[in-house]
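Visitor: Questions regarding the structure given below will be posed in turn.
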Amino acid sequence: MNELAEIKKILADFVSGTASNDTSNVNLPPSGKEYLTVEEAAALIGSKRSYIYKLTHEKRISFTKPGGNRVLIKRSDLLDWIEANRIKSQKDVQNDVEQFMKNSRRPGRNAPKR
């Protein structure tokens, strides 16, 4: 299973409250906490701290450094980043194509003949 799929599964399990035994020993941050430390962010998405630091270094996720040292990541920014990396299913792609075709029809073109 690739890394993104693992992250999605862990996140889905966490949100639904059915976390498997694999993640039960990880200290997940409280769900009401708005800003996460690097350690908490890594636990939330099931990755290592070094991966979170890499994401911040490459500016792929937003973060803040109050006082200049400690990296804090907004929970919603982390979840948005996960969703932005979502791979669409064939059904989603087909729906997008149908919506595009419906919106791109110009008057007079492809109109039913009388």
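Visitor: How long are the semi-axes of the equivalent ellipsoid of the stretch 3-104, taking √(5λ) for every eigenvalue λ of the Cα gyration tensor, in whole Å from largest down?
Guide: Computed over the stretch 3-104, the values are 29, 19, 12 Å.
Visitor: What are the ³J(HN,Hα) values, in whole Hz, obtained from phi via the Karplus relation 6.51 cos²θ - 1.76 cosθ + 1.60 with θ = phi - 60°, for each residue of the stretch 40-49 in sequence order, with x given for Gly and Pro?
Guide: Taking θ as phi minus 60°, the curve returns 5, 5, 5, 5, 5, 9, x, 10, 8, 4 Hz for the stretch 40-49.
Visitor: Can you work out the FRET efficiency for the pair Leu79 and Lys33, with r the C-beta to C-beta distance and R0 = 22 Å, to the nearest 0.05?
Guide: Plugging the Cβ-Cβ distance into 1/(1 + (r/R0)^6) gives 0.95.
Visitor: Please find the FRET efficiency linking Ser89 to Thr64, where r is the Cβ-Cβ separation and R0 is fixed at 35 Å, and quote it to the nearest 0.05.
Guide: Computed FRET efficiency for Ser89 and Thr64: 0.55.
Visitor: Taking 0.36 nm per residue of separation and subtracting the Cα-Cα distance, what length does fully extending His57 through Gln99 add?
Guide: 11.4 nm
Visitor: Which order do peptides 49-56, 9-16 fall in by mean Cβ count within 10 Å, highest first?
Guide: In decreasing order of mean packing, 49-56, 9-16 become 49-56, 9-16.
Every number in this text was worked out from the coordinates using simple rules, so none of it is lab data. All figures in this text were calculated on a predicted structure; none of them were measured in a lab. Note that we place each Cβ from the backbone using ideal geometry, even for glycine, and neighbour counts take in every protein chain shown.
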